[in-house]
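Asker: One structure follows; several queries about it will come next.
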Amino acid sequence: MFKTMGRVIKWCGPYKKRLYWGFVCAFFATWFGAAPTMVAAFTLGKVIESAWTGAAFDHNLIWQSFLLIVALVLLRFLFSYWRAKLQESIGYELAAEQRIKIGDVLKRVSLGYFQENSAGDILSTVTTELSSLEYQAMRMINEVVNGYINVIAIILCLGIFSIPAALVAAAGVLLSLLFLHGVSVQSEKNAPINEKAVEDMSGAVIEYVRGLPIVKSFGQEGASIASMKKACADSKNINIKIEKGFTPFNCLHLFSLKLASVGLVLITTWMTVDGQMALPIMLMFCMFSFTIFGSVEAVNDSAHVLGVIDSAMNKLEEVEKATYIDQNGSDITLASYDITFSHVSFGYDSREILHDVSFRIPQNTTTAIVGPSGSGKSTLCNLIARFYDVQKGEIKIGGRNIKDFTCDSLLRNISMVFQNVYLFNDSIKNNIRFGNPNATDEEVIDAAKKARCHDFIMELPDGYDTIVGEGGSSLSGGEKQRISIARAILKNAPIVILDEATASIDPENEHLIQQAISELTHGKTIITIAHRLATIQNADQILVVDGGIIAQQGTHKELITQEGVYKRFIEIRERAEGWSIGKEELVHE
């Protein structure tokens, strides 16, 4: 428990000063909260003593006590306000910074990281784990630190009036601390189990939502929701089991403190009867005995949560320690944009996809990459953008190994248009501006016009301010593709990678997208994965990928005369693109 507190305090970093001042304010707030009870008990004792002995009683003492209690209550709220102002926002500020930091980490890791770690795991880290720190870390730390500081101070004060009473209180606190250690051990043991259950549930929900179109089309709602129901049921059962494990330690912790409270009443009563303690002091002890441990009683909740917080911090540290793909990269400005592969080999996990691949793409030329599905075409493009690192060989752009670059300095030279376009749940204007955050509205509109999407945007209810929905769900495939091309045009990078950008577009949109691509690729170094003959035939060179190697390389005129993969590929494409529907005559008798 105390080790976790140390980690949280260290996590606070530049906010430590505010945290410590918050502890001071909380300490005074607690004392000003306890003092009215002591004043009231002392005054009541004087009243009873006066009644028993018949001695004169100064009635001004009542008004003085009342005013003092009011002042103490006001001071308590004042210091509580200062503590909240100093401490409460620390968790929110740190969590916001941490999320941005994690976003930067995820941007700079290899895409292989997302194959090794599930979406549910990453989502849980950024949301659930960080939320534990954001909402509860400061409050839990304050409860534990001030709880024990206050109870120690109070026990020392009790010692001034009665050493035996102070020893009883100290024994109760030490005994409760022993049981809290059991809570802490249980929490540390259960936190990873609970965390795994949350990750599984998050993953199951994500999978269910993403697969809903397929589920509905095959009428398998019952089967698809089964895994999500199981994940939710497992989470419920695990949490119930965890709470049952905590219950004995919680009860023993509270019992030891209540027992100490009863012990304080008994020992102070005996001392008063024996003449060792004045009646007002005894009344103060009796009234105070059942509130003295209030700050420590709540620590059991903190012990529960601190185990979860410790596990959350472990997860955050794992993400932060992820290896950056550009760990040793520099900010490099290129003078030329030719691309060279030299003996490159690469695979996912243990399966090698590319085998000793070498080729060169000259600057300001168009290179088409063709080949059967699964041959490694998209992998080549991903390696150019350094989404993954090669296992053997090297890739150079402008004569510089791409491993010498930072991700940002490399990717500012590259625009990519994918077959499956993703648009953010934002306005069309901001989706296009993603290619250049500093672009003016006029530049955004100019890029949209070049991408042949200005006209349909102006027909939308809010024009460029129309929100497209998550993933661009409110737009057609062709509309999304043209917006993605506008985004790439606005970026104006010297290298353009087109990953089957027109593969799934209907004929109605195809000519518009081809016009948009022409605007995008003018005067650039182009790499295009394509199946359409018009795109392939006009390329300056064609790379034929088959089985992870460059099976053939050359122009269309050169390759069409050679027996091999390319010629067979072209013959298949010609038959596919040249098909026609025969019209049968109907014979009427």
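The values are calculated or read from the model by the stated rules, or taken from the named source; none is laboratory data. None of these values were measured; they are calculated from a predicted model. Cβ: placed from backbone, ideal geometry, glycine included. Neighbour counts: every protein chain shown.
Asker: Of the residues N420, N436, only one is surrounded by fewer than 22 Cβ atoms within 10 Å (Cβ to Cβ), modelled with pLDDT under 85, under 26 Å from the mean Cα position of the chain (by Cα) and in a loop (DSSP other than H, G, I, E, B); which? First the steps, then the outcome.
Answerer: Working: N436 fails: modelled with pLDDT under 85.
Answer to the selection: N420.
Asker: Which residue out of S415, S409 is in a helix (DSSP H, G or I) and among the small types (G, A, S)?
Answerer: S409
Asker: Regarding segment 1-19, can at least one residue be identified that is buried (at least 17 other Cβ atoms within 10 Å of the Cβ), assigned by TED's automatic domain parsing to the domain that holds L316 and in contact with a Phe, Trp or Tyr (Cβ under 7 Å, 6 or more places away or on another chain)?
Answerer: no
Conditions tested, residue by residue: (1) surrounded by fewer than 15 Cβ atoms within 10 Å (Cβ to Cβ); (2) at pLDDT 85 or above.
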site: R487; (1), (2): no, yes
site: V496; (1), (2): no, yes
site: E519; (1), (2): no, no
site: I526; (1), (2): no, yes
site: K557; (1), (2): yes, yes
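Asker: Which condition number does E352 fail, the rest of (1) assigned to a loop (DSSP other than H, G, I, E, B); (2) surrounded by fewer than 16 Cβ atoms within 10 Å (Cβ to Cβ) being met?
Answerer: With (1) assigned to a loop (DSSP other than H, G, I, E, B); (2) surrounded by fewer than 16 Cβ atoms within 10 Å (Cβ to Cβ) applied to E352, the lone miss is (1).
Asker: Return the residue satisfying two criteria in turn: it lies in segment 56-111 and is outside any helix (DSSP H, G or I) and small (G, A, S), and of such residues it is modelled with the lowest pLDDT. Working first, answer last.
Answerer: Step one: of segment 56-111, the residues outside any helix (DSSP H, G or I) are 56-59, 109-111.
Subsequent filtering for residues that are small (G, A, S) retains 56, 110.
Values: A56: 71, S110: 77.
Of everything passing the filter in segment 56-111, A56 is modelled with the lowest pLDDT.
Asker: Next question. Condition first: among the polar types (S, T, N, Q) and under 17 Å from V299 (Cα atoms). Now tell me which residues in segment 131-170 satisfy that.
Answerer: To start, the set of residues in segment 131-170 that are among the polar types (S, T, N, Q) comprises 131-132, 136, 142, 146, 150, 162.
Correct list: S132, Q136, N142, N146, N150.
Asker: When segment 1-50 is examined, which residues are found to be assigned to a helix (DSSP H, G or I), aliphatic (A, V, I, L, M) and in contact (Cβ under 8 Å) with a residue 60 or more places away in the chain?
Answerer: Pass one, segment 1-50, residues assigned to a helix (DSSP H, G or I): 2-11, 13-50.
Adding the requirement that they be aliphatic (A, V, I, L, M) leaves 5, 8-9, 19, 24, 26, 29, 34-35, 38-41, 44, 47-48.
Once the filter is applied, which keeps residues that are assigned to a helix (DSSP H, G or I), aliphatic (A, V, I, L, M) and in contact (Cβ under 8 Å) with a residue 60 or more places away in the chain, segment 1-50 yields M5, V8, I9, L19, A26, A34, M38, A40, A41, L44, I48.
Asker: Could you list, ordered by first residue, the pairs with Cβ atoms under 8 Å in which the first is in segment 453-479 and under 22 Å from E443 (Cα atoms) and in contact (Cβ under 8 Å) with a residue 40 or more places away in the chain and the second is of a type in the set (D, E) and not in a helix (DSSP H, G or I), at least 6 apart or interchain?
Answerer: Hits for this filter: I467/D426; V468/D426.
Asker: Name every residue in segment 528-544 that is over 42 Å from the mean Cα position of the chain (by Cα) and surrounded by fewer than 20 Cβ atoms within 10 Å (Cβ to Cβ), in order of residue number.
Answerer: L533, A534, Q537, N538, D540, Q541
Asker: Let me ask something else. Give the residues of segment 236-253 that are of a type in the set (A, V, I, L, M) and either loosely packed, with under 15 Cβ neighbours inside 10 Å or free of Cβ contacts under 8 Å to residues at least 60 places away in the same chain (or both), sorted by residue number.
Answerer: The answer is I238, I240, I242.
Asker: Quick one: which residue in S415, S409 is touching a Lys or Arg at 6+ places or on another chain (Cβ under 6 Å), small (G, A, S), touching a residue at least 40 places away in the same chain (Cβ under 8 Å) and not assigned by TED's automatic domain parsing to the domain that holds D104?
Answerer: S415
Asker: Looking only at segment 273-310, filter to residues that are over 23 Å from G147 (Cα atoms) and in contact with an Asp or Glu (Cβ under 9 Å, 6 or more places away or on another chain); which one of those is modelled with the highest pLDDT? Walk me through how you get there before you give the answer.
Answerer: Let us first name the residues in segment 273-310 that are over 23 Å from G147 (Cα atoms), namely 273-283.
Right, trim to in contact with an Asp or Glu (Cβ under 9 Å, 6 or more places away or on another chain) and you get 278-280.
Working: A278: 76, L279: 73, P280: 71.
Ranking the qualifying residues of segment 273-310, first place goes to A278.
Asker: Could you go through segment 127-138 and let me know if any residue there is modelled with pLDDT of 80 or more and crowded, with 17+ Cβ neighbours inside 10 Å. Quick ask: steps written out before the conclusion?
Answerer: First pass over segment 127-138, keeping only residues modelled with pLDDT of 80 or more: none.
Scanning segment 127-138 turns up no residue that is modelled with pLDDT of 80 or more and crowded, with 17+ Cβ neighbours inside 10 Å.
Asker: Can you tell me which residue among G22, G54, G33, G45 is over 30 Å from A137 (Cβ atoms) and buried (at least 17 other Cβ atoms within 10 Å of the Cβ)?
Answerer: Details: G22 fails: over 30 Å from A137 (Cβ atoms); G54 fails: buried (at least 17 other Cβ atoms within 10 Å of the Cβ); G33 fails: over 30 Å from A137 (Cβ atoms).
One residue alone meets the criteria, G45.
Asker: Taking the condition of being touching a Lys or Arg at 6+ places or on another chain (Cβ under 8 Å) and part of a loop (DSSP other than H, G, I, E, B), how many residues in segment 515-531 meet it?
Answerer: First, pick out the residues of segment 515-531 that are touching a Lys or Arg at 6+ places or on another chain (Cβ under 8 Å): 515-516, 519-520, 529, 531.
Subset that is part of a loop (DSSP other than H, G, I, E, B): 531.
Of the residues in segment 515-531, 1 are touching a Lys or Arg at 6+ places or on another chain (Cβ under 8 Å) and part of a loop (DSSP other than H, G, I, E, B).
Asker: Let me ask something else. Which one is surrounded by the most Cβ atoms within 10 Å (Cβ to Cβ), of the residues in segment 80-106 that are under 25 Å from D408 (Cα atoms) and among the charged types (D, E, K, R)?
Answerer: Only one residue tops the list, namely R99.
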